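All remarks here apply to the structure that follows.
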Amino acid sequence: DDKYIATQDVKVLSQPGVIRSVSIDQRTQSSFQVGVTGYSTPRETGTNATTQVCLTFSPASGASVQANGQLCGLKEDIEIWYERNISYPTGSQFHGGMTVSYSGDINAIGGIKVVLKNKEGDSQPYCVDFKSGNKLDQCP
């Protein structure tokens, strides 16, 4: 009674990342945290890794936001996560948080557009309403 185990190799193609969810947490008088869960194939590691999360802020109705372009981060965190064996069961999924400091009226922030960038390009944007934290169907 011989037992055979069939195996098959599956190649996952390298492609732009995907943002699965975004949360706005830990709001204070001068900062808040943007939590991002996404995945990126390829799992970039080493000095040439480019995978990062970028945020763009849009103003609430009747307000203005002075931001210095996109705020990008989590590059090193994602790279370190992909290097660790503990990340293997999650495939190419990651979760990280970016702390954003601000001054002025927090109510001036209307929404946040989140994009995951890797060597294959940019993900589709994931936009959230800043007040409610709900996903928006369209980015402002």
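Every residue in the range 1-29 that is among the charged types (D, E, K, R) and without any contact (Cβ under 8 Å) to a residue 12 or more places away in the chain, please.
ASP1, ASP2, LYS3, ASP9, LYS11
Which number in (1) open to solvent by 40 Å² or more (accessible area, probe 1.4 Å); (2) under 20 Å from CYS139 (Cβ atoms) marks the one condition that ALA6 misses?
Evaluating ALA6 over (1) open to solvent by 40 Å² or more (accessible area, probe 1.4 Å); (2) under 20 Å from CYS139 (Cβ atoms) leaves (2) as the failure.
For residues that are of a type in the set (A, V, I, L, M, F, W, C) and outside any loop (DSSP other than H, G, I, E, B), tally how many sit in the range 8-30. Let's see the steps before the verdict.
Of the range 8-30, the ones of a type in the set (A, V, I, L, M, F, W, C) are 10, 12-13, 18-19, 22, 24.
Checking the rest, the ones that are also outside any loop (DSSP other than H, G, I, E, B) come to 18-19, 22, 24.
The qualifying residues number 4.
Which of the residues belonging to the range 31-82 are touching a strand residue (DSSP E or B) at 6+ places or on another chain (Cβ under 6 Å), in a helix (DSSP H, G or I) and of a type in the set (A, V, I, L, M, F, W, C)?
ILE78, TRP81
Condition first: among the small types (Gly, Ala, Ser), surrounded by fewer than 16 Cβ atoms within 10 Å (Cβ to Cβ) and touching a helix residue (DSSP H, G or I) at 6+ places or on another chain (Cβ under 6 Å). Now tell me which residues in the range 45-82 satisfy that. Walk me through how you get there before you give the answer.
So the first thing to find is which residues in the range 45-82 are among the small types (Gly, Ala, Ser), and the list is 46, 49, 58, 60-64, 67, 69, 73.
Checking the rest, the ones that are also surrounded by fewer than 16 Cβ atoms within 10 Å (Cβ to Cβ) come to 46, 61-64, 67, 69.
Answer for the range 45-82, where residues must be among the small types (Gly, Ala, Ser), surrounded by fewer than 16 Cβ atoms within 10 Å (Cβ to Cβ) and touching a helix residue (DSSP H, G or I) at 6+ places or on another chain (Cβ under 6 Å): just ALA63.
Do the conditions hold for THR37, that is, is it β-branched (Val, Ile, Thr) and open to solvent by 30 Å² or more (accessible area, probe 1.4 Å)?
No, not satisfied.
Out of (1) out of contact with any Gly (no Cβ under 9 Å at 6 or more places or on another chain); (2) among the aliphatic types (A, V, I, L, M); (3) not in a loop (DSSP other than H, G, I, E, B), what's the single condition that is false for ILE5?
Against the list (1) out of contact with any Gly (no Cβ under 9 Å at 6 or more places or on another chain); (2) among the aliphatic types (A, V, I, L, M); (3) not in a loop (DSSP other than H, G, I, E, B), ILE5 comes up short only on (3).
Give me the residue from the range 83-140 that is of a type in the set (Ser, Thr, Tyr), part of a loop (DSSP other than H, G, I, E, B) and more than 16 Å from LEU55 (Cα to Cα) and, out of that set, least open to solvent (accessible area, probe 1.4 Å).
Ranking the candidates gives SER92 first.
The values are calculated or read from the model by the stated rules, or taken from the named source; none is laboratory data. Since the structure is predicted, the reported quantities are computational estimates derived from the model, not experimental observations. Positions of Cβ are backbone-derived with ideal geometry, glycine not excepted, and every protein chain shown enters the neighbour counts. The accessibility values were calculated without ligands, DNA or RNA, using every heavy atom of the protein model including side chains. Shrake-Rupley method; radii C 1.70, N 1.55, O 1.52, S 1.80 Å.
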